[in-house]
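S.K.: Let me give you the structure first, and then I'll get to my questions.
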Amino acid sequence: MKKKQLEIVLQHLKPMGKPSEVLEQYPTPAPIAADILWEAYGAGDIDGKAVADLGCGNGIFAIGAALLGACRVVGIDSDVRAIEVAKDNARELGADSEFVHGDVESASGTFDTVLQNPPFGAQKKHADRPFIRKALELAPRVYSLHNADTQEFVEKMVLALGGACEPVKRFKFEIPYAFAFHRKPKETISVVLLRFQR
């Protein structure tokens, strides 16, 4: 599968419906998800690997990893609606993925790679911290998307946890109007893809 094909497939995944403000459920745009998956795939971190998608939402990273040849894929989300949508999307595409309802802290097992778009911490301060900690606990390689303004903090946290962190790419992340506090039809923020290594 070529990167463009992957993007087209991911673009057609069923969205989650009404997002939760508290959980900061901003869906990862298909072009960004495909780019991240392709980056991990090119680095040898997906094909034949066990992959976890923390805060999986509609399953975009988990399903993409399964389509790119991951040997085992598990998506975890605390929103039961997300799990149902992700299961439907995986079934529709014949993507061999497992989806588990649970808080990120409850995630367990051994994986080669974690892919995640954790909450940026705009609504609930430090909401990204449990994701950073858990990702490093689960796998030696992590691809994590963060608000670019928090890059320095995330790098320091990963270092304090005994890992290494490097920026991979920056993206313009479009957030459509979804919540009452939004003032514009859409907002564009700068995000950075960071790769953690244990």
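The values are calculated or read from the model by the stated rules, or taken from the named source; none is laboratory data. Keep in mind the model is a prediction, meaning the values are calculated, not measured. Glycine gets a Cβ as well: all are built from the backbone with ideal geometry, and neighbour counts include every protein chain shown.
S.K.: Which condition does residue 7 not pass, out of (1) of a type outside the set (A, V, I, L, M); (2) in a loop (DSSP other than H, G, I, E, B); (3) in contact with a Pro (Cβ under 8 Å, 6 or more places away or on another chain), if it passes all the others?
M.R.: (2)
S.K.: Hey, another quick one. Is it the case that residue 49 is touching a Ser or Thr at 6+ places or on another chain (Cβ under 8 Å) and surrounded by fewer than 23 Cβ atoms within 10 Å (Cβ to Cβ)? Please lay out each step first, then the result.
M.R.: On the way: touching a Ser or Thr at 6+ places or on another chain (Cβ under 8 Å): yes; surrounded by fewer than 23 Cβ atoms within 10 Å (Cβ to Cβ): yes.
Here the answer is yes, as residue 49 does meet what is asked.
Conditions tested, residue by residue: (1) at pLDDT 90 or above; (2) touching a helix residue (DSSP H, G or I) at 6+ places or on another chain (Cβ under 9 Å); (3) not aliphatic (A, V, I, L, M).
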| position | (1), (2), (3) |
| --- | --- |
| 115 | yes, yes, no |
| 134 | yes, yes, yes |
| 140 | yes, no, yes |
| 190 | yes, yes, yes |
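S.K.: Pull up region 39-60, narrow it to residues that are under 13 Å from the mean Cα position of the chain (by Cα) and outside any loop (DSSP other than H, G, I, E, B), then point me to the one that is nearest to residue 119 (Cα to Cα).
M.R.: Taking region 39-60 and keeping what is under 13 Å from the mean Cα position of the chain (by Cα), we get 40, 51-60.
Imposing the further condition that a residue be outside any loop (DSSP other than H, G, I, E, B) reduces the set to 40, 51-54, 60.
On the way: 40: 21, 51: 20, 52: 16, 53: 13, 54: 11, 60: 16 Å.
Only one residue tops the list, namely 54.
S.K.: Sort through 36, 76, 63 and tell me the only one that's in contact with a Cys (Cβ under 8 Å, 6 or more places away or on another chain), not charged (D, E, K, R) and not in a loop (DSSP other than H, G, I, E, B).
M.R.: Details: 36 fails: in contact with a Cys (Cβ under 8 Å, 6 or more places away or on another chain); 63 fails: in contact with a Cys (Cβ under 8 Å, 6 or more places away or on another chain).
None of the others qualify; the one that does is 76.
S.K.: Right, another one. Hey, does region 155-163 have a residue that's in contact with a Phe, Trp or Tyr (Cβ under 7 Å, 6 or more places away or on another chain), surrounded by 17 or more Cβ atoms within 10 Å (Cβ to Cβ) and modelled with pLDDT under 95?
M.R.: Step one: filter region 155-163 for residues in contact with a Phe, Trp or Tyr (Cβ under 7 Å, 6 or more places away or on another chain), giving 158, 163.
Among the residues that remain, those that are also surrounded by 17 or more Cβ atoms within 10 Å (Cβ to Cβ) are: 158, 163.
Right, trim to modelled with pLDDT under 95 and you get none.
No, because not a single residue in region 155-163 is in contact with a Phe, Trp or Tyr (Cβ under 7 Å, 6 or more places away or on another chain), surrounded by 17 or more Cβ atoms within 10 Å (Cβ to Cβ) and modelled with pLDDT under 95.
S.K.: Take region 24-38 and flag every residue that is within 22 Å of residue 129 (Cβ to Cβ) and either of a type outside the set (A, V, I, L, M, F, W, C) or modelled with pLDDT under 95 (or both).
M.R.: 24, 25, 26, 27, 28
S.K.: Whether any residue in region 138-159 is in contact with a Cys (Cβ under 6 Å, 6 or more places away or on another chain) and of a type outside the set (Ser, Thr, Tyr) is what I want to check.
M.R.: First, the residues of region 138-159 that are in contact with a Cys (Cβ under 6 Å, 6 or more places away or on another chain): 155, 158.
Still in the list and also of a type outside the set (Ser, Thr, Tyr): 155, 158.
Within region 138-159 (the criterion being in contact with a Cys (Cβ under 6 Å, 6 or more places away or on another chain) and of a type outside the set (Ser, Thr, Tyr)), the answer is yes, since at least one residue qualifies.
S.K.: Restricting attention to region 78-92, which residues are touching a helix residue (DSSP H, G or I) at 6+ places or on another chain (Cβ under 8 Å) and surrounded by fewer than 17 Cβ atoms within 10 Å (Cβ to Cβ)?
M.R.: Restricting attention to region 78-92, the residues satisfying the condition of being touching a helix residue (DSSP H, G or I) at 6+ places or on another chain (Cβ under 8 Å) are 78, 86, 89-90.
Residue satisfying the conditions is 78 alone.
S.K.: Under the condition of being surrounded by 12 or more Cβ atoms within 10 Å (Cβ to Cβ) and out of contact with any helix residue (DSSP H, G or I) (no Cβ under 7 Å at 6 or more places or on another chain), which residue from region 170-180 is modelled with the highest pLDDT? Please lay out each step first, then the result.
M.R.: Just the residues of region 170-180 that are surrounded by 12 or more Cβ atoms within 10 Å (Cβ to Cβ), to begin with: 170-171, 173-176, 178-179.
Checking which are out of contact with any helix residue (DSSP H, G or I) (no Cβ under 7 Å at 6 or more places or on another chain) leaves us with 174-176, 178-179.
Values: 174: 82, 175: 72, 176: 61, 178: 52, 179: 48.
That would be 174.
S.K.: Given the conditions (1) of a type in the set (Phe, Trp, Tyr); (2) assigned to a helix (DSSP H, G or I); (3) touching a Gly at 6+ places or on another chain (Cβ under 8 Å), report the number of the one that residue 99 does not fulfil.
M.R.: Condition (2) is where residue 99 drops out.
S.K.: Here is a further query. Could you tell me whether residue 88 is modelled with pLDDT of 95 or more and of a type in the set (D, E, K, R)? Before you say what the answer is, go through the steps one by one.
M.R.: Numbers: modelled with pLDDT of 95 or more: yes; of a type in the set (D, E, K, R): yes.
Judged against the criteria, residue 88 is a match.
S.K.: For residue 130, which of the numbered conditions (1) over 24 Å from residue 173 (Cβ atoms); (2) surrounded by fewer than 19 Cβ atoms within 10 Å (Cβ to Cβ) fails to hold?
M.R.: Evaluating residue 130 over (1) over 24 Å from residue 173 (Cβ atoms); (2) surrounded by fewer than 19 Cβ atoms within 10 Å (Cβ to Cβ) leaves (1) as the failure.
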